[in-house]
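Following: one structure in structure tokens, then a few remarks.
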Amino acid sequence: MFDAFTSGWESFSQMIQGIPYEVLGVWLLTSCLLLVGMIGSVVPLLPGPFLIFIAGILHTLLLPQNGMSWQGIVLLSFWLVLAYVVDMAAGALGARWFGASRWGIAGVFVGGIVGLFFAPLGFILGPLLGGLAFELTFAKKEMAPAVKSTWGTLLGTGVGLVLRLGISLAMVATVLLDALWF
């Protein structure tokens, strides 16, 4: 077992020694940005999809011969815009699906902006409290319908998180497939 590990390590080491350090450095930078971008797609305060986009662009600028094609960059740009549209609309659409008024949806957006200043808990509580407060105060709803639309906000935000993670995976696949095979 140890001999197999040793011979495997020697083969890997010889393969790595044949690659120029500049190429290894660029791939290391690209891999780190892709990894942090994937983490940032679910963790607040890290702009995950944007970091994945930056990874693709930097890789192309630093290694033009092995970089992404213009079609890949256009597709990566599409994924980036889609990720942020989904992110912004998910909570509001969930609230609307569960009967939120326009005031409630506005409260979700206002609460989301205010929640940015109280990270990381504010990312979750901001839209919820904003939607609930606007439903109760401005839409003059009773507590039960206001809580129902607030629950829709939470559900929509959760669905948005899953969709953003899926889009981020598609972005990573776009970068890797385009840089390695196309």
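What to note about this one:
- The chain - percent relative contact order, Cα under 8 Å, separation 6 or more: 25
- Estimated FRET transfer efficiency (L82, L177; beta-carbon r; R0 22 Å; 0.05): 0.80
- Candidate values [x] -0.38, -0.73; [y] -0.34, -0.73; [z] -0.29, -0.67, label of the one derived for log10 I(q)/I(0) by the Debye sum over Cα atoms at q = 0.08, 0.13 Å⁻¹: [x]
- Long-range amide H partners of M68 with built H, under 5 Å: T60
- Label-to-label distance, nm, for residues given as E22 and A119 (7 Å Cα→Cβ offset): 3.5
Each reported figure results from applying straightforward, stated rules to the coordinates on display, with no laboratory input. Keep in mind it's a predicted model, so treat the numbers as computed, not measured. Every residue, glycine among them, receives a Cβ derived from its backbone with ideal geometry; neighbour counts consider all protein chains shown.
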